[in-house]
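Heads up: the structure comes next, in structure tokens.
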Amino acid sequence: HCILNWAGDGYLSAAPAGNTRIVYGCLDVRDAACRIADAKRYVAHPCYTPAPANIDHDDIALIELRAPVEGMDGQFALVNGLNGSVPLEDGDPVTLSGFGTTSPSGAGGASPVLLEVSVPKRSKAFCMQQSPSAVSNGWIDFDHVICTGGEAGKDSCNGDSGGPALVLHEGTPWLVGVASIGSELPLSTGDCAASGRLGVYTEVRA
Ligand code: ARG
């Protein structure tokens, strides 16, 4: 939904030239170690259809870079379904990270520092229970999302979209999902990090 979006919904599409800077190689965007990559191509999932509420199935996109990333000696996360597969059961810990807001209302600026939190994977049944309109309208494909969290104070939030949900398996990080949306319930407690509010991540495996 960051790439292909609904005009006037509050998101600025990442795709037009000049709208996006891809920063990598640092944990603080103010750090001189940060490098910048140029995008060659943005590819939204062909089945993603932006809805006014930005709640939708297949909320995932690829960005092809103009040149390979440089100076990254560390280990990259493996991708679930692409580099093999990683087991993931309800209750297992999942690490969320991003530069999104830390305000539970969902308002406020991004964090200049990459933040992370470990939360449990939640069941499909609980996720559906917390997202009644998405269920009745068919907005989310609950067979292809990973729902996380639901503990007060521990969640992703606005600005974290597109960011990773990682599983650590035998010391290796695996990318299992990318941030899409939060659950609808509970009502009237802001967008994020309330008890029962789940993070909904698009599953990266088919
Ligand atoms: N849609 C949000 C974004 O664009 C992500 C919201 C995640 N919300 C949550 N409660 N985990 O950044």
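Since every read-out is calculated from the coordinates, none of them should be taken as a lab result. These figures come from a predicted structure and were not determined experimentally. As a convention, Cβ positions derive from the backbone with ideal geometry for all residues, glycine included, and neighbour counts pool all protein chains shown.
Assorted remarks:
- Rounded to the nearest 500, the helix-only mean residue ellipticity at 222 nm of the chain stands at -1500 deg cm²/dmol, with each DSSP H run of n ≥ 4 adding -39,500 (n - 2.57).
- Take every pair of alpha-carbon atoms less than 8 Å apart whose residues are at least six positions apart; their mean separation over the length of the chain yields a relative contact order of 20 percent.
- Three-way shape call for the stretch 54-94 based on the alpha-carbon gyration tensor, with the a/c threshold at 1.5: oblate
- Exposure proxy ranking for 58, 31, 160, based on other Cβ atoms within 10 angstrom of each Cβ and starting from the fewest, stands as 31, 58, 160.
- Rounded to the nearest 20 debye, the dipole size of the stretch 19-114 about its Cα centre is 500 debye, using +1 on the Cβ of Lys and Arg and -1 on the Cβ of Asp and Glu.
- Residues 128, 72, ranked from the fewest to the most other C-beta atoms within 10 Å, line up as 72, 128.
- Cβ-based exposure ranking for 1, 144, in which fewest neighbours within 10 Å come first: 144, 1
- Legend: P(r) of the chain from all alpha carbon pair distances, 5 Å bins from 0, whole percents, reading 1, 7, 14, 20, 22, 18, 11, 5, 1, 0.
- Once backbone amide H atoms are built at 1.01 Å from N, residue 184 has 131 as its partners under 5 Å, excluding neighbours fewer than 5 places away on the same chain.
- Residue 83-residue 26 pseudo-label distance in nm [points 7 Å out on the Cα-to-Cβ vector]: 2.5
- Local net charge near residue 25, Cβ-Cβ under 14 Å (Lys/Arg +1, Asp/Glu -1): -1
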